[in-house]
1. For the range 100-148 and the range 75-97, what is the separation of their C-alpha centers, rounded to whole Å?
2. Return the tail of the calculated pair distribution for the range 1-87, meaning the percent of Cα-Cα pairs more than 22 Å apart.
3. Using just the alpha carbons, could you tell me how many Å³ per residue the convex hull of the range 76-131 encloses?
4. Counting heavy atoms of the protein chains only and a 1.4 Å probe, report the per residue accessible area for the range 122-222 as a whole number of Å².
5. By the scheme Lys and Arg +1, Asp and Glu -1, what is the net charge of all other residues having a beta-carbon under 10 Å from that of Ser158?
6. Heavy-atom accessible area of Arg56 with all protein chains present, probe 1.4 Å, nearest 10 Å²?
7. Any idea what Rg and Dmax come out to for the chain if you just take the C-alpha atoms, in Å?
8. Where in the range 32-90 are there GluC sites (Glu not before Pro) that are in a DSSP coil and have at most 16 other Cβ atoms within 10 angstrom of their Cβ?
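The values are calculated or read from the model by the stated rules, or taken from the named source; none is laboratory data. In this text the structure is predicted, and so the values were computed from the model without any measurement. Every residue, glycine as well, gets a Cβ built from its backbone with ideal geometry; the counts of neighbours run over all protein chains shown. Ligands, DNA and RNA are excluded from the accessible area calculation, which covers all protein heavy atoms including side chains. Shrake-Rupley method; radii C 1.70, N 1.55, O 1.52, S 1.80 Å.
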Amino acid sequence: MVLRPEPGNAATRARARSAGFTADALAFFVVEALDWTAPDPRQYDSLLLTSANSLRFGGAELAALRALPVLAVGQHTAAAAREYGFDVVATGTGNAGQILALANRYGISYALHLTGHDRTLEVGGAIASLIPVYRSRALAIDPTALATLSGATALLHSTRAARRIGELVDAAEIDRSGIALAAFSPAIAAAAGSGWAEIAVADTPDDAALFAALAPLPATSR
């Protein structure tokens, strides 16, 4: 069961089907653009991106920053940046924390970070300033839809989703032991808490690694 918002939900489901899994959608959030104004790009030496959503929902203001070289958190974000006309100078492994070390390696010290309202990184070190350009708003989940998680594996792409599945399931008095989880990272798995049927953790934060972690789980959980 894919919990992430669109358009990532559809993309993950398509990758899951290609990997031989059956995947259904139960989006916990919807992504919405925020109003923002692009600063003078001459204040910065680069643009730091940790999600393709910063580009998808950044709007017309992105054009003012196109001269800045991009430091991308991972391959998917780097590909999106190129599609939007940016020059990607460095690409990380998908870990937001690791990207600061990558910035230091490339001599970046005045990065502008376009991000979401809920984020991992803050101003400091190589990040001179940040601007939230989108937010993920929690959706109301129908109890009937929530009940379909029993006997399934929920894919967790964020700590917010990990925390929310616990809150929703507990409030609905659905037994955690009937639901398996697959998480993008150990931190996301930890945010979900305990009591689940299984918790698989991807070796790296990408869908391919997530599906590899799913493979050993019983077929009834997948």
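1. Taking the Cα centre of each part, the range 100-148 and the range 75-97 sit 14 Å apart.
2. Numbers: 1358 of 3741 pairs.
Cα-Cα pairs in the range 1-87 separated by more than 22 Å: 36 percent.
3. Per-residue hull volume (Cα only) is 90 Å³.
4. On the way: 4600 Å² over 101 residues.
I get 46 Å² per residue for this part.
5. My count for the surroundings of Ser158 gives +3.
6. 110 Å²
7. Considering the chain through its Cα atoms, Rg and Dmax are 18.1, 55 Å.
8. Working: sites: Glu32, Glu61, Glu83; in loops: none.
Of the GluC sites (Glu not before Pro), not one in the loops of the range 32-90 has a Cβ with at most 16 other Cβ atoms within 10 Å.
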